[in-house]
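Notes for the one structure printed next.
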Amino acid sequence: MPSQPDPRVSIVVASRDRREQLLDSIPRHLALAERPQVIVVDNASSDGGPDAIERVHPEVHVIRLDENRGGAGRNVGVRAAESPYVAFSDDDSWWRPGALSRAADLLDADPRLALIQARILVGPEAREDAICAEMARSPLPAAEGQVGHPLLSFVACAVVVRRSAFLAAGGFPSRFGVGGEEEIIGWDLVADGWLLSYVPEIVGHHCPPRTPGGRPERREIGIRNTLWTTWLRRPVGAATARTTRELRRFPRDRVTARGIARAVGGLPWILRERRVSPPHVEAMRRMLEEQQLASESRRYVD
């Protein structure tokens, strides 16, 4: 834990109508010994959250957007940050003391590294998010001297990015909203020659509120974004194969139907913006898919 403020990392939180979650999590950011610059990007909230934050925590930089940009609201925060590295938090997530300085040390030490994914502990019981075990089993080959486990995507509620790399790659797509928006920027960073790493010693906490009835709109957007990402970046054969697999996995319900319809509605834009990733990125995707298929096959046999 640093003995004095560490100016290398800022925290960017994009939020919409989550006043109570913000009021709970912001003090945790401000209490960190690193004393990071804290930037809240408000996606056109109607619950008074920005006013409350400015009143209670005037040291927080609040940016008010006039429309809901979803995950792309983070891009505004990154551009406003004054540090070389930016930590993303959701309005219901925060960092373990010392994590930000340690992440900055690792980013300082390896100029090839664009992103460090933290281990995510969920809820008041601090159970490890299931995706952490998946990231730790990554079959991707590490570059010489690469810290942690190589990745091709990440989870935005607990990640530290190199500001310059993130902005050069274009940030989160403005059309994607919230739900699987990380995948395409992860692919694009690797396409640009950057490394992404999961480093379990760096820890973030995530305490999402219970939502009666689940989050059907988030699932709908996630389905749409999965299909959009696939067709924006993958070769036709691989995109067709992944689409077929995903359609078999999606629940057969109205949420899935709406997600697929929204994906199809974006076809003109997809065809206009389609840019296939370089071969080394596609090779990495295939490695991850082969691991996933092998894992599913084992579960079926068991």
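The values are calculated or read from the model by the stated rules, or taken from the named source; none is laboratory data. Everything numeric here is computed off the predicted structure, so don't read it as measured data. Glycine also receives a Cβ, built like all others from the backbone with ideal geometry; neighbour counts cover every protein chain displayed.
Below, the figures for the structure above:
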{"item": "Qualifying residues in region 124-149 (those that are closer than 22 Å to residue 95 by Cα, touching a residue at least 60 places away in the same chain (Cβ under 8 Å) and of a type outside the set (D, E, K, R)) - the one surrounded by the most Cβ atoms within 10 Å (Cβ to Cβ)", "result": "135"}
{"item": "Members of region 222-258 that are outside any helix (DSSP H, G or I) and within 23 Å of the chain's Cα centre (by Cα)", "result": "234, 250"}
{"item": "Of residues in region 51-71 being closer than 23 Å to residue 27 by Cβ and within 23 Å of the chain's Cα centre (by Cα), the one surrounded by the fewest Cβ atoms within 10 Å (Cβ to Cβ)", "result": "64"}
{"item": "Selection from region 8-37 of residues that are closer than 19 Å to residue 69 by Cα and β-branched (Val, Ile, Thr)", "result": "11, 12, 13"}
{"item": "Odd one out for residue 252, checked against (1) loosely packed, with under 14 Cβ neighbours inside 10 Å; (2) in contact with a helix residue (DSSP H, G or I) (Cβ under 9 Å, 6 or more places away or on another chain)", "result": "(2)"}
{"item": "Any hit, region 106-117, residues being of a type in the set (S, T, N, Q) and assigned to a strand (DSSP E or B)", "result": "yes"}
{"item": "Residues located in region 195-212, provided they are outside any strand (DSSP E or B) and closer than 19 Å to residue 284 by Cβ", "result": "none"}
{"item": "Region 240-262 residues that are outside the structural domain of residue 292 (by TED's automatic domain parsing) and in contact (Cβ under 8 Å) with a residue 40 or more places away in the chain, paired with ones that are in a helix (DSSP H, G or I) and surrounded by 12 or more Cβ atoms within 10 Å (Cβ to Cβ) (beta carbon under 9 Å, 6 or more apart)", "result": "none"}
{"item": "Qualifying residue in region 201-223 (condition: in the same structural domain as residue 115 (by TED's automatic domain parsing), at pLDDT 95 or above, surrounded by 22 or more Cβ atoms within 10 Å (Cβ to Cβ) and of a type in the set (Val, Ile, Thr))", "result": "yes"}
{"item": "Candidates 20, 34, filtered to the one that is without any contact (Cβ under 8 Å) to a residue 24 or more places away in the chain and either closer than 20 Å to residue 159 by Cβ or surrounded by fewer than 17 Cβ atoms within 10 Å (Cβ to Cβ) (or both)", "result": "20"}
{"item": "Enumeration of residues in region 169-200 that are over 25 Å from residue 25 (Cα atoms) and surrounded by fewer than 17 Cβ atoms within 10 Å (Cβ to Cβ)", "result": "170, 174, 175, 192, 193"}
